[in-house]
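Single-structure report; data block below.
The values are calculated or read from the model by the stated rules, or taken from the named source; none is laboratory data. Just so it is clear, the structure is predicted and the values come from calculations on it, not from any experiment. All Cβ positions, glycine included, derive from the backbone under ideal geometry; neighbour counts span all protein chains shown.
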Amino acid sequence: MKQEENMIYFVTGNGYKFNEILDLFSKEHVKYNLKQNNIKTIEIQAINIKEVASFKLNSIKGQIDGTYFVEDAGFFVDTPLNGFPGVYSSYIMKTIGNKGLLRLIDDFENTEAHFTSVIALYFKPHNKNYFFEGKIQGKISRTIRGSGGFGFDPVFLPNVMPSMTFAELTTEEKNSISHRGLAWIKFIRFLKENMN
Ligand code: IMP
């Protein structure tokens, strides 16, 4: 592989996510040279995460000569909030935060929630876009617990480890079950299968 052929750009301003995938590239022996790129992307308000990721990917067209990808995620409280905040997750986190979210569901006994992550890739060798999705199902904790992770992690109890919030898990434990972890694995499998 020539130097420029094995270069891949992750377009994100989120250093936490960049380090997560950098770590996985090295653990999984992915031979691509990963670089962070901070160029401005356009984020639309759509009804699903894949649409947001797809629009964001297309908004980069012509600005990077090579293979590049973006990642978008959302938190959905299916019961009792019918999927809210979903595509509004970052706005809700910035405005009412976890405390406000817990107040919204205070009167409800049963909760169901999930995270979704979509990686949207422009793969130059095929001149084509690809999408990789990951999802994790869980419940909402009655209290804010744990100091790890970010965003809604302190209120999310994954069904596979129902006694711990995401924020109480180590980064490795979270990545092994999380929406983004699952999407990363599919993405890495694709890269390995399509490496020259
Ligand atoms: P973004 O698309 O990654 O910016 O995610 C939108 C919002 O969803 C973020 O601002 C976070 O509040 C939330 N979010 C995304 N991924 C996670 C996660 O792994 N844990 C907790 N919150 C997350």
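Scanning the stretch 166-184 for residues that are without any contact (Cβ under 8 Å) to a residue 60 or more places away in the chain, among the β-branched types (Val, Ile, Thr) and not in a loop (DSSP other than H, G, I, E, B) turns up just one, Ile177.
In contact with a helix residue (DSSP H, G or I) (Cβ under 9 Å, 6 or more places away or on another chain), farther than 14 Å from Thr116 by Cβ, modelled with pLDDT of 95 or more and crowded, with 18+ Cβ neighbours inside 10 Å: is that true of Val77 in this structure?
So Val77 fails the test.
Listed residues Ile49, Ile21, Ile42; which is among the hydrophobic types (A, V, I, L, M, F, W, C) and under 18 Å from Phe123 (Cβ atoms)?
Ile21
For the stretch 46-54, state whether one or more residues are loosely packed, with under 15 Cβ neighbours inside 10 Å and among the β-branched types (Val, Ile, Thr). Yes, because at least one residue in the stretch 46-54 is loosely packed, with under 15 Cβ neighbours inside 10 Å and among the β-branched types (Val, Ile, Thr). So which residues in the stretch 99-131 are more than 22 Å from Val52 (Cβ to Cβ) and either buried (at least 18 other Cβ atoms within 10 Å of the Cβ) or among the hydrophobic types (A, V, I, L, M, F, W, C) (or both), if there are any at all? If the condition is that a residue be more than 22 Å from Val52 (Cβ to Cβ) and either buried (at least 18 other Cβ atoms within 10 Å of the Cβ) or among the hydrophobic types (A, V, I, L, M, F, W, C) (or both), then Leu102, Leu104, Ile105, Phe108, Thr111 are the ones that fit. Could we say that Phe18 is under 14 Å from the mean Cα position of the chain (by Cα) and either outside any loop (DSSP other than H, G, I, E, B) or loosely packed, with under 14 Cβ neighbours inside 10 Å (or both) here? Against the criterion (under 14 Å from the mean Cα position of the chain (by Cα) and either outside any loop (DSSP other than H, G, I, E, B) or loosely packed, with under 14 Cβ neighbours inside 10 Å (or both)), Phe18 qualifies. Among the residues of the stretch 79-114, those identified as charged (D, E, K, R) and more than 18 Å from the chain's Cα centre (by Cα) are Lys99, Arg103, Asp106, Asp107, Glu109, Glu112. Candidates Phe84, Phe69, Phe55: the one that is closer than 21 Å to Arg189 by Cβ and aromatic (Phe, Trp, Tyr) is Phe69.
Given the stretch 57-165, what strands (runs of 3 or more DSSP E) lie entirely inside it while holding 2 or more residues that are within 25 Å of Gly15 (Cα to Cα) and away from the ligand (no atom under 15 Å from the Cβ)? First the steps, then the outcome.
Working: elements: 67-79, 84-86, 112-123, 128-140, 156-158.
Hits in the stretch 57-165: 67-79, 112-123, 128-140.
Is it true that some residue in the stretch 31-41 is on the phi < 0 side of the Ramachandran plot, part of a loop (DSSP other than H, G, I, E, B) and touching a residue at least 40 places away in the same chain (Cβ under 8 Å)? Let's see the steps before the verdict.
Here is the first cut: in the stretch 31-41, the ones on the phi < 0 side of the Ramachandran plot are 31-41.
Restricting the remaining residues to those that are part of a loop (DSSP other than H, G, I, E, B) gives 31-32, 38-41.
Within this subset, residues satisfying the condition of being touching a residue at least 40 places away in the same chain (Cβ under 8 Å) are 31-32.
Checked against the condition, which is being on the phi < 0 side of the Ramachandran plot, part of a loop (DSSP other than H, G, I, E, B) and touching a residue at least 40 places away in the same chain (Cβ under 8 Å), the stretch 31-41 yields at least one hit.
What about Ile92, is it among the hydrophobic types (A, V, I, L, M, F, W, C), crowded, with 16+ Cβ neighbours inside 10 Å and within 19 Å of Leu182 (Cα to Cα)? The answer is no for Ile92.
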